[in-house]
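Participant: After the structure tokens below, expect a handful of questions from me.
The values are calculated or read from the model by the stated rules, or taken from the named source; none is laboratory data. Since the model is a prediction, treat every value here as computed from it, not as a measurement. FYI the Cβ positions are ideal-geometry reconstructions off the backbone, even for glycines, and counts take in every protein chain you see. Keep in mind that these areas ignore ligands, DNA and RNA; they rest on the heavy atoms of the full protein, side chains included. Shrake-Rupley method; radii C 1.70, N 1.55, O 1.52, S 1.80 Å.
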Amino acid sequence: MSPSSSIHRLGRAERIALSFLLLLALAALCGPLLTAGLGLADPYQIDAANLLSGPSTKHWLGTDELGRDLLARILFGARVSLSVAAAAVLIAGLLGVATGVTVAFLRSRSQSLAIRVIDVLVSLPEIFVALVVLAFIGGSLPTLIGTIGLLYWPQFARVSWGVARGIRAREHVMAAYSLGAGGRWIIWHEVLPNMRSIIAVQASFTFSFALLLEAGLSFLGLGVRPPVASWGQMVGSLKDYLFVNPWPVLVPALALFLTVLAVNVLGDWLQDVLNPELQR
């Protein structure tokens with residue numbers, strides 16, 4: 001088997017990561033049915049007799065500071081955390097790709113000016129800008145999604161511009177220009193189909209960044225508001241009890257860590273697949 005073909009095979013780590021993400025997505029999608037099927041308590045139900053308890057037959061992963069079932073809240077929190085990250089990546093991808101491709105077809109001077117503006121936006125610290133925006137506007141789910149999406153569109157625009165610019169300079173594209181093909185035809189038939197793989201890699205890594213940013217903002221109280229559960233909000237609300245019982249804090253933190261790790265493992269594999277020059 002050639003080295004290039006062996007890259008395309010999922011290794012053990014990639015299979016574990018993919019299986020974990022598929023199970024997590026299925027559990028998040030079927031959260032209410034799953035909690036009912038497993039006999040778990042409602043994620044908002046308070047059990048005053050079991051505050052900050054460890055795993056038990058009644059509460060499989062223990063309870064939080066209000067006695068709410070941690071496993072049920074992890075499942076419901078996964079729906080919020082994953083959907084916020086996915087929606088933000090979708091917004092960032094659509095805006096960024098459209099901007100980057102458009103800039104690649106501008107004239108030289110306008111293109112240079114536009115890419116300098118994008119470079120400035122890329123250099124902005126995401127967490128600081130998000131804190132300022134959400135502190136003034138207020139934290140809500142649509143605001144959180146829009147803020148994260150707008151913070152990451154410059155990265156997509158920068159990558160899309162570089163790829164589209166390279167595709168535009170290829171000989172067969174220049175030949176299509178000479179035969180009378182317009183810019184719109186070139187974009188839809190040459191540029192976009194040939195940049196899907198690069199955008200897929202960018203989206204995979206941006207997803208993990210968006211997941212961490214949402215968790216950080218919710219941790220600070222500027223993201224998802226209680227009683228709605230997200231992993232970052234759960235860690236933030238439980239941090240004061242870390243020295244009383246660290247277990248309830250570790251459960252959502254571990255869920256976040258494993259999810260980001262799995263996404264990065266698959267993103268790294270995808271980058272290897274789409275770049276045959278790279279070897280592990």
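Participant: Which one, G223, G31, G96, has the greatest fluctuation when you compute a Gaussian network model over the chain with C-alpha springs under 10 angstrom?
Facilitator: The residue that fluctuates most here is G31.
Participant: So, one more: Per the 1.4 Å probe, what fraction of the accessible area of segment 118-273, in percent, lies on carbon and sulfur atoms?
Facilitator: Numbers: 5360 of 7580 Å².
Taking all protein chains in place, segment 118-273 shows 71 percent carbon and sulfur surface.
Participant: Over the Cα atoms of segment 9-106, what radius of gyration and what Dmax do you get, in Å?
Facilitator: 19.3, 66
Participant: Once label points are set 7 Å from the Cα along Cα→Cβ at both L242 and L141, what is their separation, rounded to one decimal in nm?
Facilitator: For the pair L242/L141, the computed spacing is 2.9 nm.
Participant: Moving to a separate point now. Looking at the chain as a GNM with Cα springs under 10 Å, which of E190, E65, E171 has the largest mean-square fluctuation?
Facilitator: Maximum among the listed residues: E171.
Participant: Once you sort the root eigenvalues of the Cα gyration tensor of segment 70-129 as a ≥ b ≥ c, which label holds: rounded (a/c under 1.5), prolate (a/b larger than b/c) or oblate (the other case)?
Facilitator: Oblate is the answer for segment 70-129, as a/c is 1.5 or above yet b/c matches or exceeds a/b.
Participant: Once the cut-off is 22 Å, how many percent of the Cα-Cα pairs in segment 30-173 end up in the long-distance tail?
Facilitator: 58
Participant: Enter the Cα centre distance for the pair segment 196-244 and segment 91-117, rounded to the nearest angstrom.
Facilitator: About 29 Å separates the Cα centre of segment 196-244 from the one of segment 91-117.
Participant: Between S83 and L131, take the C-beta separation as r, use R0 = 25 Å, and let me know the FRET efficiency to the nearest 0.05.
Facilitator: So, using R0 = 25 Å, E works out to roughly 0.70.
Participant: On a full-extension model of 0.36 nm per residue, what is the gain between R196 and R12, subtracting their alpha-carbon distance, rounded to one decimal in nm?
Facilitator: Result: 63.6 nm gained on full extension.
Participant: Another one. Tell me, in nm to one decimal, what length is gained between L29 and A169 on full extension, where the rule is 0.36 nm per residue of separation less the Cα-Cα distance?
Facilitator: Difference between extended and current length: 46.0 nm.
Participant: On to the next question. Based on DSSP H runs of at least 4 residues, each adding -39500 (n - 2.57), what is the mean residue ellipticity at 222 nm of the chain after dividing by all its residues, to the nearest 500 deg cm²/dmol?
Facilitator: -23000 deg cm²/dmol
Participant: Excluding ligands, DNA and RNA, what is the solvent-accessible area per residue of the chain at a probe of 1.4 Å, expressed in Å²?
Facilitator: I get 52 Å² per residue for the chain.
Participant: If I take every Cα pair under 8 Å that is 6 or more residues apart in the chain, average their sequence separation and divide by the length, what percent do I get for the relative contact order?
Facilitator: Working: 378 pairs, mean separation 69.9, N = 280.
For the chain, the relative contact order is 25 percent.
Participant: From the P(r) of segment 98-146, could you give the percentage of C-alpha pairs in the tail past 17 Å?
Facilitator: Tail of P(r) above 17 Å: 52 percent of Cα pairs.
Participant: May I pose another question? Considering the chain as a Gaussian network with a 10 Å cut-off on Cα pairs, which listed residue, A92, A210, A13, attains the greatest mean-square fluctuation?
Facilitator: A13
Participant: Counting only complete DSSP H runs, which helices of the chain cover 20 Å or more along their long axis at the Cα atoms and score a mean Kyte-Doolittle of 1.6 or above? Mind dumping the intermediate values first?
Facilitator: Numbers: long enough: 12-29 (25 Å, 1.64); 70-104 (49 Å, 1.89); 108-123 (22 Å, 0.74); 141-168 (39 Å, 0.59); 196-219 (34 Å, 1.29); 247-274 (40 Å, 1.56).
Span-like helices here: 12-29, 70-104.
Participant: Here is a follow-up. Mind grabbing the base-10 log of I(q)/I(0) for the chain at q = 0.15 Å⁻¹? Debye formula, identical points on the C-alpha positions, no solvent, two decimal places.
Facilitator: For the requested q values the scattering log ratios are -1.13.
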